[in-house]
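Below is one structure; the comments refer to it alone.
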Amino acid sequence: MATARLLGASVKRREDPRFITGKGNYTDDLKLPGMTYAAFVRSPHSHARHRRDRHLEGQGVSGRGGRLHRART
Amino acid sequence: MTINGVKHTHEVEPRLLLVHFIRELAGLTGTHVGCDTSQCGACTIHLNGQAMKSCTMLAVQAEGAQIKTIEAWPRTASSIPSRTGSGKSTGLQCGFCTPGMIMSAAQMIERYPKPTEEQIRHQLEGNLCRCTGYHNIVKAIQYAAEKMAGK
């Protein structure tokens, strides 16, 4: 019975070989086509209206994927 | 620069950190970015034989250097990673800090072939682990040192 071997016994970890050889593949290690970075900018003013992203304009931010806004939380 | 025996030549921005050169331009993601502030040691590599945190240095400063990362170790039972990672005591849980731990441990064992628990704890001050509480890491390094000495 499978449970008999798991309960009360030391179970060998099967994930360790990739962790100790640098092959872990964590989220930050993934590389997918068309992938971009995301940055979160929070308003420094309470109840302010959002008009434009002056901090991004004219700064040569290349390949920007797009902006998502959420008015209020 | 040469990473694990392979030459990598890229034109980079002066502000690019060495760890990002290794991860993004050389594509070796075994070296991790844990904190970006040189505290956690997940990005530890060997630069010209010296263990150091690769987020503490700019890529341009490593021009021409010999770099060794976690991927350099052979996948054999006798290599340091296998001996620190497996064996009697499991020295890892999530494994995120492990590449840095192993790079630090490798230099430690070079310097102190028979490290005491106190020496190991002192030498690991620059490597943070949020899973294990270090106890099993210390045991794993002692185990690895014994095995390396006895090979």
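Brief remarks on what is shown
- Residue in region B:21-32 that is part of a loop (DSSP other than H, G, I, E, B) and more than 13 Å from chain A (Cβ to nearest Cβ) present: no
- Residue match in region A:41-48 (condition: within 14 Å of another protein chain (Cβ to nearest Cβ) and modelled with pLDDT of 75 or more): no
- Filter pass, B:L58 being in contact (Cβ under 8 Å) with a residue 24 or more places away in the chain, of a type in the set (A, V, I, L, M), open to solvent by less than 40 Å² (accessible area, probe 1.4 Å) and more than 14 Å from chain A (Cβ to nearest Cβ): no
- So B:A145, is it in contact with a helix residue (DSSP H, G or I) (Cβ under 8 Å, 6 or more places away or on another chain), at pLDDT 85 or above, within 14 Å of another protein chain (Cβ to nearest Cβ) and open to solvent by less than 10 Å² (accessible area, probe 1.4 Å): no
- Residue count for region A:8-30, restricted to those that are surrounded by 10 or more Cβ atoms within 10 Å (Cβ to Cβ) and either part of a loop (DSSP other than H, G, I, E, B) or not basic (K, R) (or both): 14
- Filter result for A:R5 (at pLDDT below 80 and either in a helix (DSSP H, G or I) or surrounded by 10 or more Cβ atoms within 10 Å (Cβ to Cβ) (or both)): yes
- Qualifying position, being within 21 Å of B:S104 (Cα to Cα) and among the charged types (D, E, K, R), among B:K7, B:K53: B:K53
- Of all residues making up region A:8-36, the number that are closer than 30 Å to B:F21 by Cα and within 11 Å of another protein chain (Cβ to nearest Cβ): 17
- Hits in region B:27-45 (condition: out of contact with any Ser or Thr (no Cβ under 8 Å at 6 or more places or on another chain) and open to solvent by 10 Å² or more (accessible area, probe 1.4 Å)): B:G27, B:T29, B:V33, B:G34, B:C35, B:D36, B:T37, B:Q39, B:C40
The values are calculated or read from the model by the stated rules, or taken from the named source; none is laboratory data. Because the structure is a prediction, the values reported are computed rather than measured. Cβ coordinates were reconstructed from backbone atoms using ideal geometry, including for glycine residues, and neighbour counts include every protein chain displayed. All accessible areas refer to the heavy atoms of the entire protein, side chains included, with ligands and DNA or RNA removed. Shrake-Rupley method; radii C 1.70, N 1.55, O 1.52, S 1.80 Å.
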